[in-house]
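The block underneath contains the structure these notes are about, expressed in structure tokens.
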Amino acid sequence: MKQLIETIVKPLVDFPEDVQVNVQEEDNRITYKLAVNKTDMGKVIGKQGRVAKAIRTVVYAAGSSQQKKIFLEIVE
């Protein structure tokens, strides 16, 4: 899943080497924290959050087979 997120995000940004995905696992949920360069934040979020919503949709669909709930956070 981590690699899927990186594959989606890296072509969108100007600084692909700054893309980091951290995983935080708990009992019934997995949280992926996506960090990008500050100048790329707008590209990842998109107008009215459309790009971020699309990324989340793909990640949630890919993780639907797992027993745990999946969350994607975009952090600075």
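Coordinate-derived values only; no laboratory data. In this text the structure is predicted, and so the values were computed from the model without any measurement. For neighbour counting, all protein chains shown are included, and Cβ atoms are generated from backbone atoms with ideal geometry for every residue, glycine included.
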Starting from the Cα of Asn28, move 7 Å in the Cα-to-Cβ direction to define the label point; list residues of segment 55-76 whose amide nitrogen is under 18 Å from there. 64-72
Collect residues whose amide H, placed 1.01 Å from N in the peptide plane, falls under 5 Å from the amide H of Ile74; neighbours closer than 5 in sequence don't count. Leu34
Report the extension gain between Glu6 and Phe71 in nm, rounded to one decimal, defined as 0.36 nm multiplied by the number of residues separating them, less their alpha carbon distance. 21.9 nm
Kindly work out what percent of the DSSP beta bridges joining two residues of the chain are antiparallel, to the nearest 5. 45
Just the Cα atoms of segment 2-75, one point each, no solvent: what log10 I(q)/I(0) does Debye give at q = 0.11, 0.20 Å⁻¹? -0.25, -0.81
